[in-house]
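The values are calculated or read from the model by the stated rules, or taken from the named source; none is laboratory data. Since we're looking at a predicted model, the values are computed, not measured. Glycine gets a Cβ as well: all are built from the backbone with ideal geometry, and neighbour counts include every protein chain shown. Heavy atoms of the whole protein, side chains included, go into the accessibility calculation; ligands, DNA and RNA do not. Shrake-Rupley method; radii C 1.70, N 1.55, O 1.52, S 1.80 Å.
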Amino acid sequence: MTKIVNHWIGGKSVDGTSGTYGPVTDPATGAVTTKVAFASVDEVDAAVAAAEDAYLSWGQSSLARRTEILFRFRALLDANRDAIAELITAEHGKVHSDALGEVARGLEIVDLACGISVQLKGELSTQVASRVDVSSIRQPLGVVAGITPFNFPAMVPMWMFPIAIACGNTFVLKPSEKDPSASIKIAELLAEAGLPDGVFNVVHGDKVAVDRLLEHPDVKAVSFVGSTPIARYIHTTASANGKRVQALGGAKNHMLVLPDADLDAAADAAVSAAYGSAGERCMAISAVVAVGAIGDELVAKIRERAEKIKIGPGNDPTSEMGPLITAVHRDKVASYVTGAAAEGAEVVLDGTGHTVEGFEDGHWIGISLLDKVPTTAKAYTDEIFGPVLCVLRVDTYEEGVALINASPFGNGTAIFTRDGGAARRFQLEIEAGMVGVNVPIPVPVGYHSFGGWKDSLFGDHHIYGNDGTHFYTRGKVVTTRWPDPADAPAGVDLGFPRNH
């Protein structure tokens, strides 16, 4: 019997009523294992109504109570790491160690939310005028929504909702319909931790559900992670409906390798950053920029390492890379490799014909490495979101920086060098939101915010860290004047000596 994933509304599982379901496949076998209910407008409205009702009390609850529940949730999340990772592997395809790493990074943001009291402290100025004090406080927004992608079905939601609910908001999550089960497991753990009904809700679906969240008058803010075209649409539509928006888009992350770099370390980094999680991550290194005469040696070292990667089912402990999420996505990724030579690139490794014995119907693709890629090639200009690494050649540091800065994306970038002065110049001159120095994937720890520049971010706030707290709250300034108790009206004795 096919498993059915339903919505989570008002603290319990709610059967879908729209009659529309989407298939969820096991990427390693290609078999449909699950059906996920797609929400109608009425079902989205029910989730928002549950969140709005819950906000009446949750928004007024004490910070101590909110963090106490989050501490219990953190313990449950920690105890259920393997169970959540198994759900991710079954529906996304990534290897178990990758899935465990995803849960660990989500836990990091839960840790931040448990200590949210520091970020929510206000400010006070006394005696700005005679007997006048001014204070600044931060208050929750109300009902907020998160729309999250398939590539990190546990981590990206946890970049959002722990901080949102710690700040006193209630939350409606619309996860990817391709791997929805992790979100329901998280909802169950939140309920077990004692989160009141309606504070966290999950609705599954497609554009119908997304558009209703973007236009619903009771949704005050929307967080999104996904591709740049959809991020732009989310930002434009939600903003037009008067909502606060943070919409994180796509990327084409570059790694600049200078002639003085440790080429073995650079090659190791390029392989793990380009092919980890099958390249299905917005912080993957997809373009290596080799400076000077090191290109041939660097490509040879990358090839040597890439050829040793074992591809197989994510639940096989010996697998180092799993399949892609769907057959359609696999075929799209393959098209960039098959068309690369005609666009002037040299195909060093072609993984498009890869299969895994015993799992021939899985969404498999092997490792691909393209060298001497022109900046006009689609393999360079597009976000591929698969295990394809492009190598570009430049003569100088300046030429490399100019190439990277010409990209419309500005998510993450890295430099590999032994020269501190060059690294310092790079971090100041490069036009990207996150920079790594001898670190290929510079995803910030939880107490620093994640976000890019240019077409990689739409909106003013990055995600999690201090920006996350500011996004999910709004500031209020209170100016107060109190009379001196010695000036109390006649007949009122407060025990103070009279001034007159």
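Under a 1.4 Å probe, what is the accessible area of the range 192-242 per residue, stated in Å²?
Numbers: 1940 Å² over 51 residues.
I get 38 Å² per residue for this part.
When you have a sec, figure out the Kirkwood radius of the range 163-247 from all distinct Cα pair distances and drop it here in Å to one decimal?
Numbers: mean 1/r = 0.0727 Å⁻¹.
After inverting the pairwise mean of 1/r, the radius is 13.7 Å.
Tilt of helix 63-79 relative to the longest C-alpha principal axis of the chain, in degrees (0 to 90, nearest 10)?
Helix 63-79 sits roughly 30 degrees off the main axis of the chain.
Is there a quick way to get the dipole size of the range 374-500? I mean about its Cα centre, with the Cβ of Lys and Arg at +1 and of Asp and Glu at -1; what is the value in debye to the nearest 20?
Dipole of the range 374-500, to the nearest 20 debye: 180 debye.
If you average over every viewing direction, what projected area does the convex hull of the Cα atoms of the range 127-173 give, in nm²?
On the way: hull surface 18.2 nm².
Result: 4.5 nm².
Where only protein heavy atoms count, and the probe is 1.4 Å, what is the accessible area per residue for the range 334-470 in Å²?
Here the per-residue accessible area is 42 Å².
I'd like the Karplus ³J(HN,Hα) series for the range 120-131: coefficients 6.51, -1.76, 1.60, θ = phi - 60°, whole numbers in Hz, and an x wherever there's a Gly or Pro.
8, 4, x, 10, 9, 10, 9, 6, 5, 8, 4, 6
Please give the length that would be gained between residue 405 and residue 35 if that part of the chain were fully extended, namely 0.36 nm times their separation in residues minus their C-alpha to C-alpha distance (nm, one decimal).
Numbers: separation 370, 0.36 × 370 = 133.20 nm, distance 4.32 nm.
Stretched out fully, the residue 405 to residue 35 stretch lengthens by 128.9 nm.
Enumerate the residues in the range 143-168 having an amide nitrogen under 17 Å from the point lying 7 Å beyond the Cα of residue 476 toward its Cβ.
It comes to 143, 167-168, nothing else.
Could you work out how far apart the two model spin labels at residue 53 and residue 126 are, taking each label as a point 7 Å from the Cα in the direction of the beta carbon, and quote it in nm?
Placing both labels 7 Å beyond Cα along the Cβ direction yields 4.6 nm.
Using Cα atoms only, what is the angle between the long axis of helix 295-306 and the major principal axis of the chain, expressed in degrees (0 to 90) to the nearest 10?
Tilt of helix 295-306: around 80 degrees.
For the range 281-415, give the percent of accessible area contributed by carbon and sulfur heavy atoms, probe 1.4 Å, rounded to a whole number. If you can, show how the numbers build up before the last one.
Values: 2750 of 5450 Å².
After summing per-atom areas, the C and S share lands at 50 percent.
What FRET efficiency, computed as 1/(1 + (r/R0)^6) with R0 = 51 Å and r the Cβ-Cβ distance, is obtained for residue 328 and residue 260, rounded to the nearest 0.05?
FRET efficiency, residue 328 to residue 260: 0.75.
Which three extents, in whole angstrom, do the alpha-carbon atoms of the range 159-201 cover along their principal axes, largest first?
Largest first, the range 159-201 extends 30, 19, 16 Å along its Cα principal axes.
When N counts the residues of the range 94-187, how does its alpha-carbon radius of gyration compare numerically with 2.2 N^0.38 Å, as a ratio? Mind showing how you got there, number by number?
Details: Rg = 18.1 Å, N = 94, 2.2 N^0.38 = 12.4 Å.
For the range 94-187, the normalised Cα radius of gyration is 1.46.
Would you kindly state how much longer the chain becomes between residue 460 and residue 419 on full extension, computed as 0.36 nm times their sequence separation minus their alpha carbon distance, in nm to one decimal? Present the calculation step by step, with values, prior to reporting the outcome.
Details: separation 41, 0.36 × 41 = 14.76 nm, distance 3.35 nm.
Between residue 460 and residue 419, full extension yields an extra 11.4 nm.
Which of the three applies to the range 1-134, rounded, prolate or oblate, going by the alpha-carbon gyration tensor with a ≥ b ≥ c and a/c under 1.5 meaning rounded? Mind showing how you got there, number by number?
Numbers: a/c = 3.28, a/b = 1.74, b/c = 1.89.
Note, shape of the range 1-134 comes out oblate.
Take the alpha carbon gyration tensor of the chain, find the square roots of its eigenvalues, order them as a ≥ b ≥ c, and report rounded if a/c is under 1.5; if not, report prolate when a/b exceeds b/c, else oblate.
Oblate.
So for the range 349-500, what percent of the C-alpha to C-alpha distances run longer than 20 Å?
Summing the P(r) of the range 349-500 above 20 Å gives 68 percent of all pairs.
Treating only the Cβ atoms of Lys and Arg (+1) and Asp and Glu (-1) as charged, compute the dipole magnitude of the range 142-294 about its Cα centre; round to the nearest 20 debye. Provide the component values of the computation, followed by the final result.
Details: 11 positive and 14 negative charges, 121 e Å.
Here the size comes out at about 580 debye.
Relative to the Cα centre, what is the charge dipole magnitude of the chain, using +1 at the beta carbon of each Lys and Arg, -1 at the beta carbon of each Asp and Glu, and rounding to the nearest 20 debye? If you can, show how the numbers build up before the last one.
Working: 42 positive and 60 negative charges, 263 e Å.
In total the dipole reaches around 1260 debye.
Between residue 215 and residue 320, what length comes free when the chain is fully extended (0.36 nm per residue of separation minus the Cα-Cα distance, one decimal in nm)? It would help to have the intermediate numbers written out before the result.
Details: separation 105, 0.36 × 105 = 37.80 nm, distance 4.22 nm.
Once the chain is fully extended between residue 215 and residue 320, it gains 33.6 nm.
Near the amide H of residue 348, under 5 Å away, which other amide H atoms are found, from residues 5 or more places off or on another chain, if H is placed in the peptide plane?
Sorted by chain and number, the residues that satisfy this are 369, 370, 371.
What does the accessible area of residue 81 come to, in Å² to the nearest 10, when a probe of 1.4 Å is used?
Using a 1.4 Å probe on the heavy atoms, I get roughly 80 Å².
So, with a 1.4 angstrom probe, what is the percent of accessible area on the range 157-264 that is carbon and sulfur? Display every interim value, and only then the final one.
Working: 1440 of 2790 Å².
The nonpolar share, carbon plus sulfur, comes to 52 percent.
Relative to the longest principal axis of the C-alpha atoms of the chain, give the angle of the C-alpha long axis of helix 420-429, reported between 0 and 90° and rounded to the nearest 10°.
Taking the Cα atoms of the chain, the angle to 420-429 is about 70 degrees.
Pop the C-beta distance of residue 378 and residue 12 into the FRET formula with R0 = 51 Å and round what comes out to the nearest 0.05. Mind dumping the intermediate values first?
Details: r = 47 Å, r/R0 = 0.92.
The formula returns an efficiency of 0.60 here.
Kindly provide the pair-distance distribution of the range 9-77 built from C-alpha pairs, with 10 Å bins from 0 and whole-percent values in order of increasing distance.
Histogramming the range 9-77 at 10 Å steps yields 17, 27, 30, 22, 5 percent.
Please enumerate, by chain and number, the aspartates and glutamates with C-alpha under 19 Å from the C-alpha of residue 454, excluding those fewer than 8 residues away in the same chain.
Straight-line reach from residue 454, under 19 Å: 382, 383, 429, 431, 467.
Note down the relative contact order for the chain as a percent, whole number, built from C-alpha pairs under 8 angstrom at least six residues apart.
Over the chain, the number comes to 18 percent.
Rounded, prolate or oblate: which fits the range 269-342, taking a ≥ b ≥ c as square roots of the Cα gyration tensor eigenvalues, rounded meaning a/c under 1.5, else prolate when a/b beats b/c?
Oblate shape, in that a/c is at least 1.5 and b/c is the bigger or equal ratio.
Suppose we take every Cα in the range 289-413 and form the convex hull; what volume per residue is that in Å³? If you can, show how the numbers build up before the last one.
Numbers: hull volume 14.7 nm³, N = 125.
So the per-residue Cα hull volume is 118 Å³.
Take the alpha-carbon centre of the range 165-232, take the same for the range 50-88, and report the distance between them in whole Å.
The range 165-232 and the range 50-88 have Cα centres spaced 14 Å from each other.
Considering only protein heavy atoms, what is the solvent-accessible area of residue 3 at a probe of 1.4 Å, reported in Å² to the nearest 10?
90
Could you name the lysines in cross-link range of residue 3, using Cα to Cα under 24 Å and dropping any fewer than eight places away on the same chain?
Qualifying lysines at Cα under 24 Å: 12, 35, 94, 174, 178, 185, 207.
So, R0 is 22 Å and r is the distance between the beta-carbons of residue 4 and residue 104; what FRET efficiency does that work out to, to 0.05?
E between residue 4 and residue 104, to the nearest 0.05, is 0.15.
Projecting each Cα onto the charge dipole of the range 85-200 (Lys/Arg +1, Asp/Glu -1 at the beta carbon, about the Cα centre), which of 169, 151, 93 comes out farthest on the positive side?
Ranked along the dipole, the leading option is 169.
Using a 7 Å offset from the Cα along the Cα-to-Cβ direction at both residue 437 and residue 300, what is the distance between the two label points in nm, to one decimal?
3.1
Please give the net charge around residue 90, taking every other residue with its beta carbon less than 11 angstrom from that of residue 90, where Lys and Arg add +1 and Asp and Glu add -1.
Taking every Cβ under 11 Å from that of residue 90, the sum is -2.
Can you tell which of 238, 255, 283 lies farthest toward the positive end of the dipole of the range 224-330, using +1 and -1 charges on the Cβ of basic and acidic side chains (Lys, Arg; Asp, Glu)?
Result: 238, furthest along the dipole toward the positive end.
Taking the Cα centre of the range 358-500 as the origin and placing charges on Cβ (Lys, Arg +1; Asp, Glu -1), which of 478, 374, 362 is farthest toward the positive end of the dipole?
Comparing the listed Cα positions along the dipole, 478 ranks first.
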